[in-house]
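Worksheet: the structure to be examined is printed underneath.
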2 protein chains.
Amino acid sequence: MTVGDLGEFGVIGRIAGRLPQGAAVLLGPGDDAAVLSAPDGRVVVSTDLLIEGRHFRRNWSSGYDIGRKAAAQNLSDIAAMGADPTAIFVGLGMPADVTTDWLDALTDGFRDECALVGASVAGGDISRSDTVVLGVTALGDLGGRRPVTRSGALPGEVVAVAGRLGHAAAGLALLQAGRVGPDVVSGPSGPPEGVPRGGAEGRAVAGDGGIEELLSALVDAHRRPRPLYACGPGAARLGATAMLDVSDGLLQDLDHIAEASGVRIELDPGAFPVGPALAAAARALGADPLEWILTGGDDHAFAAVFPSDVRLPEPWLVTGRVTEGEGVHVAGRADTWGGWDHFRNSHD
Amino acid sequence: MTVGDLGEFGVIGRIAGRLPQGAAVLLGPGDDAAVLSAPDGRVVVSTDLLIEGRHFRRNWSSGYDIGRKAAAQNLSDIAAMGADPTAIFVGLGMPADVTTDWLDALTDGFRDECALVGASVAGGDISRSDTVVLGVTALGDLGGRRPVTRSGALPGEVVAVAGRLGHAAAGLALLQAGRVGPDVVSGPSGPPEGVPRGGAEGRAVAGDGGIEELLSALVDAHRRPRPLYACGPGAARLGATAMLDVSDGLLQDLDHIAEASGVRIELDPGAFPVGPALAAAARALGADPLEWILTGGDDHAFAAVFPSDVRLPEPWLVTGRVTEGEGVHVAGRADTWGGWDHFRNSHD
């Protein structure tokens, strides 16, 4: 069955029927607008537009993974302000020949990623479109905390990251090179939740089978980021002075903090561990794993700046420091790598 | 110059530079997320996805009008809950060859429509896309009022509307029939704000020149709805028990109230004035103006249900009543008209 068979209101009913609503949702889907609880008296809001062929491919990622990823990249923006996500809203454009199975998988992906942080899909809009288009908006509550912006970093502070870096970029490179087949799965299978820092890199590896497993884990990382959501509000509680989630590449994103804060950021390239998965992918493609780590987007790790006397718990990893000056510099290497520009780069 | 020449961050800077931020915006564009004031402790949220060729055409509407319309249809959803809009967020996908002039006009359209209600464009996202795509999310504050949903209508109450009905549909029909050329203007020209109920229908008409002017006003109504925003929170204060904005057609939209409230709605077809503009368009196209009024979408009038003892001020117009039963019925006519279904209808 396709969404064209169901019709607009059939599709809306089908989607809404799969979506439980959390306590923050005072009025859910089905009216002109939803009503959410905003106990803090302020609300944090972020929006992203995802276009088929540009941000995802249906032959490279399942509907489920596309839903997970689209939710994740917005929820991580909320967490990167130090807020707790409460709800997302999804504008969904799709061709009439999209199957209801694919739609269900997409819906479940949104639902399951939201459930990781106690948020709900509280509303949306659907339309016919030649390709799949997702307009996702996430909201969050600050719980009395000050929002952690990009402009508060001070010389003398340290730069730390929490979460994987370079994995999604390596996975995308493996897909682009045809080194790993798409092998798209449609359901909520894949590695278990609660992946520790480093992810599959910690696994035991034995022989060639192990290498394929490592590479496959990188492709999974491209399909489905695993932001360590709790680190966002956690960083705010620890006293972070600036923070963002790494979506376009660490160098480019940290440069936003450097510019907004009027400081220079110096990164220590030796501080970034290159685990077996990135090392294996780099060997397979003749690539530099540090380039993926420093310029790869889409992992949605958190990068934050803390006063130097803050004792940072796991999984935070200190990777650099803030000084007077401007820009982002990597010790011993000229910064000639670019980041992602939506009008100048292309996946195609 | 095109957006491709500017690049992603150039585009973001250019857009943000044209957007003043209101008092409700505690942190505006430029970070992972915005922070809005939500003094009520609840926030009202609505999202819409607009696709070029389906919801608008760049050869039929200027960038400015597309921005106005995209903002209006979301802001009116917020007002239809009885809330005051505070901000919108815009996900904008567009080809790299879009001109900066067009982008500026679109931005100004969003800005000016928001300004009508004291709201701001507080954030967004841009991406390259083969066609123009807009994902718009609006937020609002209830100011201590109960949200007016679709489910509160009771038998014995009256149905009233505020705002134009059928004008946008007639204007679209004129464009589709080639009866009025597109004659797209790119700037914030057009009829003055604060159009009274009935719009151009109140104008003096003299000869054929008058008729062209009337028809042109209908095309303007298609390009740019003029919701009477204050009527939304106003209806909540008057004690409205159910409300929505008419986006898909009065019959179809009132049916949502009938279904959600478990009631029957009876409309009096004689209660709807057919002014000179709709009459002229109906003559020009051999159409039934009442069909536009009852089934035409996109005017974003408010339709609400009130207890029968409420004295309704202008511009509210009583057009029917609520009884026991189900469905929407028009006295003396079989209800055989359809509404809009995004997967079954097509503008093309």
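Remark: pairs (first residue in segment B:152-167, assigned to a strand (DSSP E or B); second residue aromatic (Phe, Trp, Tyr) and open to solvent by less than 10 Å² (accessible area, probe 1.4 Å); Cβ separation under 8 Å; 6+ apart in sequence or on different chains) = B:VAL158/B:PHE306; B:ALA160/B:PHE306; B:VAL161/B:PHE302; B:ALA162/B:PHE302.
Of the candidates A:THR137, A:THR131, A:THR100, A:THR149, the single residue that is among the polar types (S, T, N, Q), in contact (Cβ under 8 Å) with a residue 40 or more places away in the chain and more than 9 Å from chain B (Cβ to nearest Cβ) is A:THR100.
Residue by residue through segment B:52-63, note down the ones that are more than 10 Å from chain A (Cβ to nearest Cβ) and open to solvent by 20 Å² or more (accessible area, probe 1.4 Å).
Passing the criteria: B:ARG57, B:ARG58, B:ASN59, B:TRP60.
Could you tell me whether B:ALA71 is small (Gly, Ala, Ser) and either under 16 Å from B:ILE126 (Cα atoms) or in contact with a Pro (Cβ under 8 Å, 6 or more places away or on another chain) (or both)? It is false that B:ALA71 is small (Gly, Ala, Ser) and either under 16 Å from B:ILE126 (Cα atoms) or in contact with a Pro (Cβ under 8 Å, 6 or more places away or on another chain) (or both). For segment B:74-97: of the residues being surrounded by fewer than 24 Cβ atoms within 10 Å (Cβ to Cβ) and of a type outside the set (Asp, Glu), which is nearest to the other protein chains (Cβ to nearest Cβ)? This residue is B:ALA96. Of all residues in segment B:270-317, those being of a type in the set (Phe, Trp, Tyr), buried (at least 24 other Cβ atoms within 10 Å of the Cβ) and not in a loop (DSSP other than H, G, I, E, B) number 2. Quick one: would you say B:GLY332 is more than 22 Å from the chain's Cα centre (by Cα), of a type outside the set (Ser, Thr, Tyr) and either outside the structural domain of B:ASP65 (by TED's automatic domain parsing) or at pLDDT below 90 (or both)? Yes; evaluated as a whole, the condition is true for this residue. Counting residues in segment B:114-121 that are of a type in the set (Gly, Ala, Ser), in a loop (DSSP other than H, G, I, E, B) and under 16 Å from the mean Cα position of the chain (by Cα) gives one or more. Looking across segment B:32-51, not a single residue is in contact with a Lys or Arg (Cβ under 8 Å, 6 or more places away or on another chain), among the polar types (S, T, N, Q) and surrounded by 24 or more Cβ atoms within 10 Å (Cβ to Cβ). Looking across segment B:214-266, the residues that are under 20 Å from B:GLU326 (Cα atoms), part of a helix (DSSP H, G or I) and open to solvent by less than 30 Å² (accessible area, probe 1.4 Å) come down to B:LEU250, B:LEU251, B:ASP253, B:LEU254, B:ILE257, B:ALA258, B:SER261.
Residues in segment A:85-107 that are among the acidic types (Asp, Glu) and not in a helix (DSSP H, G or I): A:ASP97 only.
Checking the stated criteria, A:VAL159 turns out not to satisfy the condition of being buried (at least 16 other Cβ atoms within 10 Å of the Cβ) and within 13 Å of chain B (Cβ to nearest Cβ). Please verify whether segment B:158-172 includes one or more residues that are more than 30 Å from B:VAL322 (Cα to Cα), assigned by TED's automatic domain parsing to the domain that holds B:SER37 and within 19 Å of the chain's Cα centre (by Cα). Checked segment B:158-172: no residue is more than 30 Å from B:VAL322 (Cα to Cα), assigned by TED's automatic domain parsing to the domain that holds B:SER37 and within 19 Å of the chain's Cα centre (by Cα). Scanning segment B:243-285 for residues that are within 20 Å of the chain's Cα centre (by Cα) and within 12 Å of another protein chain (Cβ to nearest Cβ) returns B:MET243, B:LEU244, B:ASP245, B:VAL246, B:SER247, B:ASP248, B:GLN252, B:ASP253, B:ASP255, B:HIS256, B:ILE257. Can you name every residue in segment A:292-311 that is at pLDDT 95 or above and of a type in the set (D, E, K, R)? Within segment A:292-311, A:ASP309, A:ARG311 meet the criteria.
Is there a residue being under 17 Å from the mean Cα position of the chain (by Cα) and modelled with pLDDT of 95 or more anywhere in segment B:173-192? Checked segment B:173-192: no residue is under 17 Å from the mean Cα position of the chain (by Cα) and modelled with pLDDT of 95 or more. Quick check on segment B:70-84. Is at least one of its residues under 16 Å from the mean Cα position of the chain (by Cα), touching a residue at least 40 places away in the same chain (Cβ under 8 Å), outside the structural domain of B:ARG224 (by TED's automatic domain parsing) and in a strand (DSSP E or B)? Yes, the conditions are met somewhere in segment B:70-84.
Identification of strands (runs of 3 or more DSSP E) wholly contained in segment B:11-51 with 3 or more residues that are facing chain A (nearest Cβ under 7 Å) and at positive phi yields no element. Please work out if A:TRP102 is open to solvent by 20 Å² or more (accessible area, probe 1.4 Å) and over 24 Å from A:LEU6 (Cβ atoms). Here the answer is no, as A:TRP102 does not meet what is asked.
The values are calculated or read from the model by the stated rules, or taken from the named source; none is laboratory data. These numbers come from a predicted model, not from an experiment. Methodologically, a virtual Cβ is constructed for each residue, glycine included, from the backbone with ideal geometry; neighbour enumeration extends over all protein chains shown. Side chains included, ligands, DNA and RNA excluded: accessible areas come from the protein's heavy atoms. Shrake-Rupley method; radii C 1.70, N 1.55, O 1.52, S 1.80 Å.
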